[in-house]
Amino acid sequence: MSKSNPLKIATIAVLILSSCVSSKKYDDLLKKKLRLDADFASAQDSLNAYKVKSKNQGQALDNLSTLSKKLKEDSASLADKLTRTQKLLDEQTATGDRLRKDYKDLLASYSAESNKLSSNLAKKEQQLLDMEKNLQIAKKQNDSLLTSLRERERKVNELQAILRKKDSAVVALKNTVSDALLSFKDKGLTVSVKNGKVYVSVSEQLLFKSGSTLVDDRGKEALKKLADALKNQTEVNVMVEGHTDDVQVSKNANTPFSDNWDLSVLRATEITRILIQGGINPKRLMPAGHGEFSPMAEGKTADARQKNRRTEIILTPKLDELFKILESN
């Protein structure tokens, strides 16, 4: 049996009742019917609204179910990630602990090494200061030595200039003496330069007879010419040296000589007097005798003995300037 529409049933009921009841009752029933219709409409609206809400809630439930499933899946994924992350964190923690330990060890080692380096650095700095101090001392010494060297170079240059001047003077003196005594060149007289001095060597035959200290006329002539050449050479000192051979003089009443020393010295003195008479200042003259002890030629032959019987007049330029420089050192 199919369900009847409630509104239709109510309408039929009203019609039946309207024929049986009074007008007042009818109005009451109509009012009631209207209220019921209103309630029914309201209920119908509520039912429709509930159906919509129920449908929405169902959809929401489906959405929630889907979300729940996804959340469960995400939760499982997160749990897996959490596990891996925890494992990684544990590894990182272990690594961090190891690194902290290594750092502490390294820090301790660095501290010890730093102290060692600081100590070495302090030593090096002190060494550097000492080196700088020594360098300053060495620099002062070097400057002093450089100054001294320059002064010595200046003096050496002065000495060389004086020596060149002396050498020139010696050569000029030799030429002057050679020119003055040129006529006696072949008569036993020679002029030479040796050790920066001019040597006038005069043989015995030109000056003396054997065993005598008296100068003969030819010798006096030669000595006067030598004095003329030297008397104005005020910067030249003159040494007269007498020499004999190795044959000893005879000792008797007629000879005043004890030995060859006496003979050589007296001959040098006699020649010195003649040079003074020729105009040479006595302060520039010095006689000396060597006897037979400074021979020109070795041996006991007649030729050797003749060469050794001689008088040497040694002309020496004064070296006062040179001596002053040497004394200043």
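The values are calculated or read from the model by the stated rules, or taken from the named source; none is laboratory data. Worth saying up front: this structure is predicted, and the values here are computed from it rather than measured. A quick note on method: Cβ atoms are made from the backbone with ideal geometry, for glycine too, and the neighbour counts reach across all protein chains shown. Note: accessible area is taken over every heavy atom of the protein model, side chains too, but ligands, DNA and RNA are not part of it. Shrake-Rupley method; radii C 1.70, N 1.55, O 1.52, S 1.80 Å.
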In whole angstrom, and with the biggest value first, how far do the Cα coordinates of the range 38-151 range along each principal axis?
143, 34, 20
Charge dipole of the range 190-302 about the Cα centre (unit charges at C-beta), most positive-ward option of ASN281, PHE257, SER212:
ASN281
Would you mind checking the tilt of helix 260-277 against the longest principal axis of the Cα atoms of the chain, expressed as 0 to 90 degrees and rounded to 10?
90
Taking H placed 1.01 Å from N in the peptide plane, check which residues at least 5 places from GLY289 or on another chain put their amide H under 5 Å from its amide H.
GLY242
Degrees, to the nearest 10: 23-180 long Cα axis against longest axis of the chain
0
Where does the range 15-93 land on the Kirkwood hydrodynamic radius, alpha-carbon pairs, in angstrom?
18.4
In nm, to one decimal, how far is the GLN126 label point from the SER148 one, both placed 7 Å along Cα→Cβ?
3.2
Can you check what the net charge comes to around LEU207, using other residues whose Cβ is under 10 Å from the Cβ of LEU207 (Lys, Arg +1; Asp, Glu -1)?
+3
Once each part is reduced to its C-alpha centroid, what is the distance from the range 86-109 to the range 116-173 in angstrom?
65
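Ignoring ligands, DNA and RNA, please state the percent of accessible area on the chain from carbon and sulfur, probe 1.4 Å.
57
To the nearest 0.05, what FRET efficiency results for ASP303 and SER258 with a Förster distance of 30 Å applied to their C-beta separation?
Details: r = 28 Å, r/R0 = 0.92.
Efficiency for this residue pair is about 0.60.
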Taking 21 Å as the cut-off for C-alpha to C-alpha distance, list the pairs among LYS165/LYS220; LYS155/LYS194; LYS174/LYS225; LYS33/LYS55 that go past it.
LYS165/LYS220; LYS155/LYS194; LYS33/LYS55
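Once the mean 1/r over all distinct Cα pairs of the chain is inverted, what Kirkwood radius in angstroms do you read off?
On the way: mean 1/r = 0.0293 Å⁻¹.
About 34.1 Å, per the Kirkwood formula over Cα pairs.
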Rounded to the nearest 10, the angle in degrees between the Cα long axis of helix 6-20 and the longest principal axis of the Cα atoms of the chain comes to 30
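I'd like the FRET efficiency for GLU158 and ASN237, computed as 1/(1 + (r/R0)^6) with the beta carbon distance as r and R0 of 30 Å, rounded to 0.05.
Details: r = 22 Å, r/R0 = 0.72.
The computed FRET efficiency comes out at 0.90.
Please list the equivalent ellipsoid semi-axes of the range 180-329, computed as the square roots of five times the alpha-carbon gyration tensor eigenvalues, in descending order and whole angstrom. Each step should come with its number before you reach the end.
Numbers: eigenvalues 148, 63, 49 Å².
Working through the eigenvalues yields semi-axes of 27, 18, 16 Å.
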